[in-house]
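A short reminder: the numbers here are calculations on the coordinates, not readings from a lab. Here the structure is a predicted model, which means the values were calculated and not measured. Cβ: placed from backbone, ideal geometry, glycine included. Neighbour counts: every protein chain shown.
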């Protein structure tokens, strides 16, 4: 035989280790979401119409939220001096209609407070201006902007979203990561998300 | 293919009475028994593994409603386990080639599983992270099984990672490639040395050349181009000069280290031609390029055909470029073509003379 039969992990052990590691990675992906759904804080969000040109790519619906637009008036704390990749913390509070809106945002951390939930945005590129002022609106995403649906069912959701009749219930982990728990169409829950 | 040329030559020598027929058979048999020799069966088997992997993943993705989510998850994880275990059993039975197909299938199924899990559980896809995790999974599998085929998959995945969709990547931006690309190339080269998948080495070298191009695209200055050319020159000299401490090591990897470092040097010089504007700089650069071409032919011409031809090409292109820059404007178009023709004829004569010397030197060595 060739040299390759020496210095080699026994094939069966190799198979078990490789498969177990890859299973662990997949398990971690699934569990990271399930744990948020299990114990996260509940919030309910309104969705906004999306430019119809990139409505449906594949089998998912693009969801856009009012909290994805941060007006500069609610930003507190230090503003980054240079252009860099940043994340923001956004404090959400429930309104009278049960929908949560952004009440405060910061480039640093926000302390947890009673009656509010703090979300972390995904990292984004921040471009500082010459006189170091914020733009009027900052556009952020949270990782809940995409919802996969069975083929052909995306259209209904998009129409509803474009008529502003679609709401999203999400759960938020302590670290501020949200996961979609269910979609609500005209007050009726649809696509209730099981843990696994 | 070398196999075809070898057979033709052996048959010719047999007809000329230089060797007898049994020897021809024995030589070809020896060549075919080498593990690295090209086998259509093996290539087709790997292609089959790719196709089946694609079919299974599409089947799972398409039958969205018919299969409950948890069943889909268990199914795809089962595919990974099944493929790796089947590969392991086949290896212990000595069916290395069929085993390679199963291992490739398992590694591809892992990538599909990452995509499917992301889709099924509405995890907003971070493309870069997903491809990087896939690459790492492939590297681990290649190392554990000591598999050349999975090393090749990892080599391709390194390119997939480098080409990730940055608008869909939140965990990092493209500047991580500045250190990640060479790191991935080193990992692939280590795997190649460990698994013996010599051809995959080219993927690693191409990744490094792509990396240098990426550096230049990030920092488009003459300094970068000079640094690339200088790096290529140093790497080439380390690989090609017999006195270099790395010479033996580089030779053990075949002709590739010298060729790719020489290629980097030439790419660097080419980019510099676009960076330099004034005549003196360009003339200096031209002479430098000609010297580099001659140095390549002189140093590696005998043992490394790839470097030799790149050297010829660079020499001819540079000569014509210099001619067009200097006398081209004076003598007019037709005169320039005449001069070009003469220059190319001179180079051709030089090439023929050199090639004759190389082949003479070879026969002398053999004698």
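222 nm [θ] for the protein assembly as shown, helices only, -39500 (n - 2.57) per DSSP H run of 4+, per residue, to 500?
-20500 deg cm²/dmol
For region A:124-175 and region B:288-352, what is the separation of their Cα centres, given in Å?
Cα centres, region A:124-175 to region B:288-352: 59 Å.
What is the helix-to-structure angle for B:148-162, meaning the angle in degrees between its Cα long axis and the longest Cα principal axis of chain B, kept from 0 to 90 and rounded to the nearest 10?
Value to nearest ten degrees: 80.
Angle check, please: helix B:69-92 long axis (alpha carbons) against the longest principal axis of chain B (alpha carbons), in degrees 0 to 90, nearest 10.
The helix B:69-92 is inclined about 60 degrees to chain B.
Please work out the FRET efficiency for the pair residue B:302 and residue A:78, using the Cβ-Cβ distance as r and a Förster radius of 51 Å; give the result to the nearest 0.05.
Efficiency computed from Cβ-Cβ geometry: 0.20.
Within a 10 angstrom radius of each residue's Cβ in B:144-150, how many Cβ atoms of other chains show up on average? Whole number is fine.
5
Just grab the label-to-label distance for residue A:12 and residue B:31, each label 7 Å out from Cα along the Cβ direction, in nm (one decimal).
4.1
So if we plug the beta-carbon distance of residue B:175 and residue B:23 into 1/(1 + (r/R0)^6) with R0 = 45 Å, what FRET efficiency do we get, rounded to 0.05?
FRET efficiency, residue B:175 to residue B:23: 0.15.
Let me know the mean shielding of B:106-117 by other chains, meaning the per-residue number of their Cβ atoms within 10 Å of its Cβ.
Taking all residues of B:106-117 together, the mean is 3.
Packing-wise, with mean Cβ within 10 Å as the measure, how do A:31-43, B:101-113 rank, highest first?
The packing order, highest mean first, is B:101-113, A:31-43.
Specify the angular offset, from 0 to 90 degrees and rounded to the nearest 10, of the alpha carbon long axis of helix B:96-120 from the longest principal axis of the alpha carbons in chain B.
Helix B:96-120 sits roughly 70 degrees off the main axis of chain B.
Is region A:53-196 rounded, prolate or oblate when judged by the Cα gyration tensor, a ≥ b ≥ c being the square roots of its eigenvalues, rounded requiring a/c under 1.5 and prolate requiring a/b larger than b/c?
Cα axes put region A:53-196 in the prolate bin.
Kindly state, to the nearest 0.05, the FRET efficiency for residue B:202 paired with residue A:113, given R0 = 45 Å and r defined as their beta-carbon distance.
In this case the efficiency is close to 0.20.
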